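Enquirer: Below you'll find the structure I mean.
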Amino acid sequence: MVVQSEIWVLVIALLLSLQDPVLVNSQNLTCNSDDLTGLNGFITGLESPIKEWQPSASNSSSLSCCNWEGITCNPSSGRIVKLQLPKKRLTGNFSDLISNLLQLETLNLSHNFLKGPLPVSLFHLPNLEVLDLSSNEFNGVLPVSINLPALQVLDISDNNFTGFLPADLCINSTGVHDLRFAVNYFIGIIPPQFENCTFLEHLCLASNILTGDIPEFLFRLPRLRELALQDNMLTTITGIGIGISSSSSRLVRLDVSSNRLSGSIPDVFDNFPNLSYFAAQSNNLSGLIPPSLSNSPAIASLNLRNNSLDGSIDFNCSMMVNLTSLDLGTNNFSGTIPANLASCRKLKALNLARNRLRGEIPESFKNFESLSYLSLSNCSFNNLSSSLQVLQHCPNLTVLVLTMNFHAEQLPPDGDLQFKSLKALVIANCGLTGGIPSWLNGLTQLQLLDLSWNELTGTIPAYLGDFKSLFYLDLSNNSLSGEIPKNLTQLPSLISREISLEEPCPDFPFFKKRNTSSRGLQYNQIMSFPPSIDLSSNLLTGSIWPEFGNLKKLHDLDLKHNNLSGTIPSSLSGMRSIETLDLSYNGLTGTIPPSLVKLSFLSKFSVAFNNLNGSVPSGGQFITFTNSSYEGNAGLCGGGYAIYTCESRTILDPTSRRQKKNIGKVVGMAVGICFGTLFLLGLVFMVVVRVTGRQEVDPEIEDSYDDADSKKNDEFESRLVLFHNYTKLISIDDVLKSTNSFDQSNIIGCGGFGLVFKATLPNNQQVAIKKLSGDCGQVDREFQAEVETLSRAQHPNLVLLQGYCKYKKERLLIYSFMENGSLDYWLHEKPDGRSKLDWTTRLRIAQGAIRGLAYLHQSCEPHILHRDIKSSNILLDENFEAHLADFGLARLILPYDTHVTTDLVGTLGYIPPEYGQASVASYKGDVYSFGVVLLELLTGKRPMDMCKPKGGRDLISWVMQMKIEKRDEEVFDSFMFSKEHASEMLSVLDIACACLNESPKLRPSTQDLLSRLDNVGLKKQ
């Protein structure tokens, strides 16, 4: 054994001695002249050099380019065989000289920012095996002739390519096994020549504009494992599986969702013994589920939601041993729930909602141990008592949705029901009778409870306030009576505890019904629901507990349409996260507490139709609420969006209008008699003057006098009002002269609120004049008051509103002029703009912008909601200091739709997700938009690039995916990235992602953001 070991040592030593010269030689290889020409051409096409590469020198062949990062050379020939530079933030065009790399086998330039068309010569490299250009900005059409005989992998997904798919690709590239063309703009049919791709294993054509049939030859490809055709315009699927022998297909994953497929699903799935994932949702498929699909032993995930499938549901669970997720929602299935579903031992998520199912929950579901998510809403099930008795035996049941079933049945009072794992229970809009049962007390893990839109009676049990995780309670639209339990003011999740949310399966639907006529709000995750207590439209009595002020995490409190009495507690100002507070249609008395002005996030407020009196608070968010928030209170005065005085008491109780109308008639008659008498006296006086003066009135003099008076009045009405250190009166003529009558040559910006013109006032001061577009919808007094409010917002990081002008129907705003324009211009419009903004400058811009926003939200009186934070509204002075612009302008343009809007104020890409669900603006919405701006500063990309193909337009989704893949540094703009500042950039990226949290309550405040961003700059010191 010793001799053998010594022999092996000698052999290894000999091999190492032979290998060392080869390694040394490969490291010291000089560039082949053709390769060097190709590399120089490649470098020339880039907008910035590759830092790790040596300077190019076309007149020298002594460079060791084989040592450059991303380059691999063949040790024997010295020729370049691999060029791999993924995720290097490369920008620029692709040089045709790349064709000089004749021995190139691998070219990977994925996840960069390269653009322009691809050179035809690229598709004629004889040795190229792997070509990966995915996630760039290449465009144009692919060449008709492609001659890549060695090609194995081609990935050009997530670009801007147009035209047809390359039909003859596999004629010359017979060995290709991976083709990815997703997220582009390819049109036409799937080429029949793809039948020649006999070695193909992965084919991804998703998110294009492909039409026609799904060709049958694709399923005859002997090695194909993944086929992704979703999000196109394909029309038929009848050819699937035709002509292939049983058990010959290797297909594992098939996605044809979101197309225009019609007809029935072909019964060919027994030819796909390895198919574990089949998605065909959101098509026009009809007919029955074929037996070969409902008996497939390989299928794990089956999604047929949102089609027109019918018949009974029939799955052979003894065969479907791997089924974990089954989604048949929104179809036309009829009959009863098959009892054998419980024998699908791995089935975790089951959605049968919105079908024509009836009957009862099968007894066999008592043994459904794997079931975790169940939605049966909007069917015709009966016997709720039996259903709950059965389902309580499902030990892992987490989410149960039974909405719109069990019509007019009684909510079972049985105290023995136990759902130990249940986190969400929704039995809404069923017309249930009875009271809230005691067995709910055992649902200790409950986070969401919705029993709304029933006919429940009795009192609200106090034990609901003991649930440690309950953050959403909806008992609205019932007939509950008695007092509100004080225990509800002690819910831990609404006081201080951060809610730990259990996420349901993907796309698991939840709905909140708003009223009898409109559609419900859809939420796809429990997390999407705002922390709420909704007890509206009941028969509750008693007072509002002052302890509600302890619920610092509560977003919505709705107590409208009850019989509550007493006063509004001033302690409600402690609900610092509240966004909606509705106390309307009760019997409340007293005044509206002035302390409520401290509720900075309050977006919807109503105390209408109570018995309140006194002054409406005028600070904080109260200046944004319309008179509808206060109507029906005879004793209220002041406040509201329209400025009423308590002396006029114009917020009227409807019952007093008739009496005041009669008084108005009497007053009108008296005024008429007085004016008639004065008119007669005036005539007598004119006659006396004419007779005694023996002269006529000259018509010309009268007209001249009228013109002069009118001109004087116009001058007065069109006078500029300047707020800050400028006393000389300026007329509209000065404005017209300074802008050359608003000539297009003076336009320096435009946006949703109007055009912006550069002007120089008579004192040589440069200003920017915004000419508001749209219907302001306000009388002069309201417009003046609103503008004067905005003018009081003065901060070094706000664009100062200098004044305004009203001229006929025109509304002009005068701002300080910012020499360097907008951040949007420097990041996205100016050719060399991004390269001029280094990291230090960008961080200073972010810090300045958040200082301005924090001032608007917290220090300015009254607080101002911006509602349109974006890079084009961040202006830069001569020192590149940031100044927020256009704050509060939404109030001038949409005065009656603010906060509860029908048309969202904001810009695509910056609008928070909750605006789409409830159209309610909030301060946390501004924070979300600011997070998008931070991503722009970090990446140099637009938040929503409509020039990009579907799937590649959304900056936020891309950044989040990169973070999931632990590739954070790859998102940073190559023009400003440096290792020196990498840690600071990562810190700001974390701050941006916190701002972009889908839950508004989990986003930081502007004060938190200010502190965190200021600390980024201090960390190195």
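The values are calculated or read from the model by the stated rules, or taken from the named source; none is laboratory data. Bear in mind that the values here come from a model prediction, so they are computed numbers and not experimental data. Glycine gets a Cβ as well: all are built from the backbone with ideal geometry, and neighbour counts include every protein chain shown.
Enquirer: Out of all the residues in the range 79-97, which are part of a loop (DSSP other than H, G, I, E, B) and either surrounded by fewer than 18 Cβ atoms within 10 Å (Cβ to Cβ) or touching a residue at least 60 places away in the same chain (Cβ under 8 Å) (or both)?
Expert: First, pick out the residues of the range 79-97 that are part of a loop (DSSP other than H, G, I, E, B): 79, 85-90, 94-95.
Selection gives Pro86, Lys87, Lys88, Arg89, Leu90.
Enquirer: Restricting attention to the range 987-998, does a residue exist that is of a type outside the set (Val, Ile, Thr), in the same structural domain as Leu837 (by TED's automatic domain parsing) and at pLDDT below 85?
Expert: Going through the range 987-998, the residues of a type outside the set (Val, Ile, Thr) turn out to be 987, 989-990, 992-998.
Keeping just the survivors that are in the same structural domain as Leu837 (by TED's automatic domain parsing) gives 987, 989-990, 992-998.
In the following step, the residues that additionally are at pLDDT below 85 were identified as 998.
Looking through the range 987-998, at least one residue is of a type outside the set (Val, Ile, Thr), in the same structural domain as Leu837 (by TED's automatic domain parsing) and at pLDDT below 85.
Enquirer: Keeping to the range 178-212, report how many residues are buried (at least 21 other Cβ atoms within 10 Å of the Cβ), in contact with a helix residue (DSSP H, G or I) (Cβ under 9 Å, 6 or more places away or on another chain) and part of a loop (DSSP other than H, G, I, E, B).
Expert: Total satisfying the criteria: 3.
Enquirer: Here is a follow-up. Does any residue in the range 272-284 that is aliphatic (A, V, I, L, M) come within less than 9 Å, Cβ to Cβ, of a residue that is modelled with pLDDT under 90 and surrounded by fewer than 19 Cβ atoms within 10 Å (Cβ to Cβ) six or more places away or on a different chain, and which pairs are these?
Expert: Hits for this filter: zero, empty list.
Enquirer: Here's a follow-up. Tally the residues that are farther than 12 Å from Gln152 by Cβ, more than 37 Å from the chain's Cα centre (by Cα) and among the β-branched types (Val, Ile, Thr), restricting the search to the range 167-183.
Expert: 1
Enquirer: Are there any pairs with C-beta distances below 9 angstrom linking a residue in the range 303-317 that is more than 16 Å from Gly335 (Cβ to Cβ) to a residue that is surrounded by fewer than 21 Cβ atoms within 10 Å (Cβ to Cβ) and aromatic (Phe, Trp, Tyr), with the two at least 6 apart or on different chains, and if so which?
Expert: Correct list of pairs: Asn303/Tyr277.
Enquirer: Run Asn378 past the list (1) at positive phi; (2) modelled with pLDDT of 95 or more and report the number of the one that doesn't hold.
Expert: (2)
Enquirer: For the range 982-1016, which residues satisfy the criterion of being closer than 26 Å to Arg834 by Cβ, surrounded by 20 or more Cβ atoms within 10 Å (Cβ to Cβ) and not aliphatic (A, V, I, L, M)?
Expert: The answer is Cys995, and nothing else.
Enquirer: If the Cβ limit is 9 Å and pairs must be 6+ apart or interchain, which residue in the range 725-744 that is assigned by TED's automatic domain parsing to the domain that holds Gln794 pairs with which residue that is at pLDDT 65 or above and of a type in the set (Asp, Glu)?
Expert: Ile732/Glu810
Enquirer: Does the range 440-488 hold any residues that are crowded, with 21+ Cβ neighbours inside 10 Å and among the β-branched types (Val, Ile, Thr), and which are they?
Expert: Ile460, Ile484
Enquirer: Among the residues that make up the range 580-599, is at least one of them touching a residue at least 60 places away in the same chain (Cβ under 8 Å), touching a Leu at 6+ places or on another chain (Cβ under 9 Å) and not in a strand (DSSP E or B)?
Expert: Checking the range 580-599: not a single residue is touching a residue at least 60 places away in the same chain (Cβ under 8 Å), touching a Leu at 6+ places or on another chain (Cβ under 9 Å) and not in a strand (DSSP E or B).
Enquirer: Next question, about the same structure. Filter the range 25-56 down to the residues that are modelled with pLDDT of 80 or more and of a type in the set (Ser, Thr, Tyr), then identify the one that is nearest to Leu90 (Cα to Cα).
Expert: Looking at the filtered set, the residue picked out is Ser48.
Enquirer: Quick check: anything in the range 213-224 in contact with a helix residue (DSSP H, G or I) (Cβ under 6 Å, 6 or more places away or on another chain), in a loop (DSSP other than H, G, I, E, B) and touching a residue at least 24 places away in the same chain (Cβ under 8 Å)?
Expert: Within the range 213-224, none of the residues are in contact with a helix residue (DSSP H, G or I) (Cβ under 6 Å, 6 or more places away or on another chain), in a loop (DSSP other than H, G, I, E, B) and touching a residue at least 24 places away in the same chain (Cβ under 8 Å).
Enquirer: Could you pull out the residue among Ser871, Ser919 that is of a type in the set (Gly, Ala, Ser), modelled with pLDDT under 75, in the same structural domain as Lys941 (by TED's automatic domain parsing) and under 21 Å from the mean Cα position of the chain (by Cα)?
Expert: None of the other options fit; the residue is Ser919.
Enquirer: Scan the strands (runs of 3 or more DSSP E) fully inside the range 392-478 and keep the ones with 3 or more residues being under 18 Å from Leu374 (Cβ atoms) and either touching a Leu at 6+ places or on another chain (Cβ under 7 Å) or touching a residue at least 12 places away in the same chain (Cβ under 8 Å) (or both).
Expert: Strands (runs of 3 or more DSSP E) meeting the threshold: 399-401, 424-426, 448-450.
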